[in-house]
Every structure is written in structure tokens, then in C-alpha cells.
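Structure first, then comments.
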Amino acid sequence: MALIEIANLQVSFPQGNGHKIAVESVSFTVEAEETFSLIGASGCGKSTVLRVLAGLQRDWHGEVRLFGQAIAPLQRFTGQLRRDVQMVFQDPYASLHPQHKIGRTLGEPLKIHGEKHIPARINEALLQVGLHTAMAERYPHQLSGGQRQRVAIARALLLRPKLLLLDEPTSALDMSVQAEILNLLNHLKREHGMTYLLVSHDGEVIAHMSERAALMENGHIVRHFSRADLQAGEHHSAQG
Ligand SMILES: Nc1ncnc2c1ncn2[C@@H]1O[C@H](COP(=O)(O)OP(=O)(O)OP(=O)(O)O)[C@@H](O)[C@H]1O
Ligand SMILES: [Mg+2]
């Protein structure tokens, strides 16, 4: 079953007296348990597509289905849908509340969803991403960049989502930490049978992670890449 089905997605933002089209017409499908990646120059609309799928950008046109179920523009994600789709952002520092200890940040989504055994779930989540449970007592500024991104991933996984939207999840990290996080993501994906939609500007990351990829330009998908294309490095030259 296709987990994501997008047809003719269009997103525009108000600008001056008119509007600016960020996503003009994007269509693609992502199958269950695959990693599909979006690549393309800065400003081509990649994050905007992810934000629509996360329910963060609610003003859009077109057709979107998640898990076979149609999503409507302006629809608030609630219940199972809100649990099933999680997003990891580029900058883990900005996405973690600076005045909240890690334990509180991780506990909050569990509380909102009325989960039980919250301290045990927090510990489990930290261990799952290779962090010591003592990290729960720290503030974000007391963690390294790689540790912060592990916390952001732990938070995204707490509600056991089916679909993870990864927007440049390692671009703020140095090379060795980047490899660790990517391997962790691949391991977690296999373990939990998740589906990933990944954005990265790094051709190596794309080739390492993805079954398929699509190149965006000015709010359109202009080219698709198979696993074989990616292994042959065809996306490198296309991306320029
Ligand atoms: N909230 C917003 N209000 C106005 N314009 C926006 C908003 N969000 C995005 N845009 C514009 O929409 C276009 C697409 O932005 P988007 O963030 O999706 O690009 P991107 O491909 O993710 O780029 P990058 O690689 O730099 O992250 C850009 O021109 C951007 O300025
Ligand atoms: Mg972006």
C-alpha cells in the first residue's frame, strides 16, 4: 500500500499584494517501508511539502492521502494521524525548548496523548537512540549537537509513528556524527518497519539512505531517481 499519495499539490504564501507560489504542482507516492528523498536547490519547496504532510502547513490545494486516507486542507491532525506522522527538523537546538529538561521535552507528547508509564517510556526512548537515561536531567545546551539530534529523534519515535519526515536531519552535524545518526535512523527504520520521507542536500546521504528520490526545481518535481540511478550517482550531476 502507498503510505503517501500526493497529486498536484500546490502551496502559496501571501506576498505583498499577491502571493508567491512555493509548491506549484507536486505529485508522488511513497510505498510502505521505503525511504523516499526530495532533493533540489534551496527554496525549491522541499520543506513546504514535508510541512503539509506533517499537518503544519494547512493551506494548500491538491490531493493528499496518508495511509490511504484523504487529508483535507485546513484539517488539524488529531488522534491516530497525529501519532502516526512525526517530523525531525534540521536544527535540533531550535526544536528543543531551551528551558525544559530533556525528560520534560520527551514526556510532553506522551502526556498529551494520555500515555501511561511516562518515566519508563522516556528511559526506553533515550536508550533506543543510544543515550544514557541520565540525559533526562539535562538541558539542551548541556548536550552536544549529535546528542540533541538523538533527543529530537527519540521524541519523534515516542509515539511509535509509521511515517517519519526527516528535514535535513544531519546537516547541522559534523561528518562522523552525521554517519552515526544516519545509521541509527536506518537501524530504527528496519526495527520498527517505518517509512521515511527525507530531505537532504547531501548526495552521499541520499544515496546511502534512499530507495528512490525526486529532484525538485521551483515547486515542481523535474526528475525521479531509482535505487540504481542513486547508486550510479546520477543525482550528483543533476543536482549540480
Ligand atoms: N511561511 C512562509 N511564508 C512565506 N514564504 C515561505 C514560507 N515558507 C516558505 N516560503 C517560501 O517558499 C519557498 C519554498 O520554501 P521551502 O522552505 O519549502 O524551500 P526548501 O526547498 O526547503 O529550501 P531549503 O533547502 O533552503 O531548506 C521559498 O521561496 C520560501 O521563501
Ligand atoms: Mg528546507
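Every read-out reported here was derived from the displayed coordinates using simple, explicitly stated rules and does not represent laboratory data. Bear in mind that the values here come from a model prediction, so they are computed numbers and not experimental data. FYI the Cβ positions are ideal-geometry reconstructions off the backbone, even for glycines, and counts take in every protein chain you see.
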(Q) Go through (1) in contact with a helix residue (DSSP H, G or I) (Cβ under 7 Å, 6 or more places away or on another chain); (2) surrounded by fewer than 17 Cβ atoms within 10 Å (Cβ to Cβ) for VAL129 and report which single condition fails. (A) (2)
Q. Which of (1) part of a helix (DSSP H, G or I); (2) more than 12 Å from ligand 2 (Cβ to nearest atom); (3) surrounded by 21 or more Cβ atoms within 10 Å (Cβ to Cβ) is the odd one out, the single condition ARG82 does not satisfy?
A. (3)
Q. Just checking, how many residues over the stretch 1-28 are among the hydroxyl-bearing types (Ser, Thr, Tyr) and surrounded by 15 or more Cβ atoms within 10 Å (Cβ to Cβ)?
A. 1
**Q.** Subset of the stretch 193-220 (residues that are within 16 Å of ligand 1 (Cβ to nearest atom), farther than 22 Å from ALA125 by Cα, not in a helix (DSSP H, G or I) and not charged (D, E, K, R))
**A.** VAL199, SER200, HIS201, ALA213, ALA214, LEU215, MET216, ASN218, GLY219, HIS220
Q: Have a look at LEU158, LEU166 and point out the one that is closer than 19 Å to GLN80 by Cα and either touching a Lys or Arg at 6+ places or on another chain (Cβ under 8 Å) or within 16 Å of ligand 1 (Cβ to nearest atom) (or both).
A: LEU158
Q. If you take the residues of the stretch 124-137 that are in a loop (DSSP other than H, G, I, E, B) and in contact (Cβ under 8 Å) with a residue 40 or more places away in the chain, which of them is farthest from GLY68 (Cα to Cα)?
A. GLY130
(Q) Can you list residue pairs whose Cβ atoms sit under 6 Å apart, with the first residue in the stretch 38-52 being farther than 13 Å from SER200 by Cα and the second being of a type outside the set (S, T, N, Q) and in a loop (DSSP other than H, G, I, E, B)? Count only pairs 6 or more apart in sequence or on different chains. (A) VAL52/TRP60
**Q.** Filter result for the condition that a residue is basic (Lys, Arg), more than 17 Å from SER95 (Cβ to Cβ) and not in a helix (DSSP H, G or I), over ARG223, ARG190, ARG121
**A.** ARG223
Q.
Checking the conditions here, which among MET87, MET135 is surrounded by 21 or more Cβ atoms within 10 Å (Cβ to Cβ), of a type outside the set (Phe, Trp, Tyr) and within 16 Å of ligand 2 (Cβ to nearest atom)?
A. MET87
**Q.** Complete set of residues in the stretch 13-66 that are within 17 Å of the chain's Cα centre (by Cα), assigned to a strand (DSSP E or B) and within 12 Å of ligand 2 (Cβ to nearest atom)
**A.** LEU38, ILE39, GLY40
Q: Determine if the stretch 94-102 includes at least one residue that is over 27 Å from ARG138 (Cβ atoms), in contact (Cβ under 8 Å) with a residue 40 or more places away in the chain and within 16 Å of ligand 1 (Cβ to nearest atom).
A: no
